[in-house]
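Encoded as structure tokens, the structure appears first; notes follow it.
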Amino acid sequence: MPNAERYSAELIQRMDLSERLAVFRFRVAEHPTFISGQFATIGINLNGEVIERPYSIVSSPFEPFLEFFIELVPEGDLTPRLWELKLGSRILIRPRIVGQLTLAPTVKRHLMMATLTGIAPFVSILRTQEIERRRGYVSDDRFLLIHGTSQVADFGPYLDELRQLAQAGSFTYVPTVSRPWQEPYWKGETGRVEDIVRKHADTLGFNHSNSIAARAGFQKDQIKEEEYFQMEDSASHIYVAGNKRSPTLANQSVGIP
């Protein structure tokens, strides 16, 4: 595919959270149209060959930039090159943005679960909800977002952002760390996402009778997940939203009528 069929995007902001996690914001020559929760395919031209991968978009469609929360894969083809980018550097973005991890119009309660960078599409959705609220749009949608990382630093800027959005909007945010012994000042939830989801879902009334997850009684047609690829040696799909390949839960959205 020639580069003419891709948009050029300039890196306008970069936040390095650690050696392996970073937030990138790009200004696109022609800002693409998309729905909160979808993903874009971004790439770098390397000696005439475009190396590209899909990443969920963090930013809202209402924002004038595209934001991505990315984890470095040292042996990967693309992310080591992304880590070399400086302000003003350019990448390529396919104009067609796709993905199924968007809000279902027929449900009003949404249980969302993510680990690490899998939070990206949910931030996009919740930012959009807040922007629409400020513009006077009244919604009766309810959200429960459970976000798990190994340590507090891995939440990046989204820990404070989501806490603030939760105070202003109609959703509950539950961050959890799986290595609390490394975080003596952490006062929040501890444990893996899949270990604490029932506790909070049950408390807030998100259950299999009114929700879109297959464990704990949820039916297959009640689960909404983003699938980028399937590892051939795994019995289950690996769901990635700008995250490393991992057999653990990466991204799931549950909607409730």
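Numerical summary
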read-out	value
Within segment 18-50, tally of residues that are modelled with pLDDT of 95 or more, hydrophobic (A, V, I, L, M, F, W, C) and farther than 16 Å from residue 95 by Cα	4
Total residues in segment 52-86, condition under 12 Å from residue 120 (Cα atoms) and either part of a helix (DSSP H, G or I) or touching a Leu at 6+ places or on another chain (Cβ under 8 Å) (or both)	6
Where residue 83 falls short, out of the listed (1) at negative phi; (2) touching a helix residue (DSSP H, G or I) at 6+ places or on another chain (Cβ under 9 Å)	(2)
Exclusive hit being among the basic types (Lys, Arg) and surrounded by 14 or more Cβ atoms within 10 Å (Cβ to Cβ), set 135, 94	94
Condition check for residue 165: over 16 Å from residue 108 (Cβ atoms), surrounded by 13 or more Cβ atoms within 10 Å (Cβ to Cβ), in the same structural domain as residue 113 (by TED's automatic domain parsing) and touching an Asp or Glu at 6+ places or on another chain (Cβ under 7 Å)	yes
Residues of segment 22-43 satisfying the condition of being surrounded by fewer than 20 Cβ atoms within 10 Å (Cβ to Cβ) and over 21 Å from residue 99 (Cβ atoms)	27, 29
Segment 52-64 - residue that is of a type outside the set (D, E, K, R) and surrounded by fewer than 17 Cβ atoms within 10 Å (Cβ to Cβ) and, of those, farthest from residue 105 (Cα to Cα)	64
Qualifying residue in segment 97-107 (condition: modelled with pLDDT of 95 or more, more than 17 Å from the chain's Cα centre (by Cα) and over 21 Å from residue 20 (Cα atoms))	no
Verdict on residue 164 being among the polar types (S, T, N, Q), within 19 Å of residue 69 (Cβ to Cβ), touching a helix residue (DSSP H, G or I) at 6+ places or on another chain (Cβ under 6 Å) and modelled with pLDDT of 90 or more	no
Which listed residue, of 102, 117, is under 30 Å from residue 7 (Cβ atoms), in contact with a Phe, Trp or Tyr (Cβ under 8 Å, 6 or more places away or on another chain) and either outside the structural domain of residue 16 (by TED's automatic domain parsing) or part of a strand (DSSP E or B) (or both)	117
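The values are calculated or read from the model by the stated rules, or taken from the named source; none is laboratory data. Bear in mind the structure is a predicted one, so any value in this text is a computation, not a measurement. With ideal geometry, Cβ positions are generated from the backbone for all residues, glycine too; neighbour counts draw on all protein chains shown.
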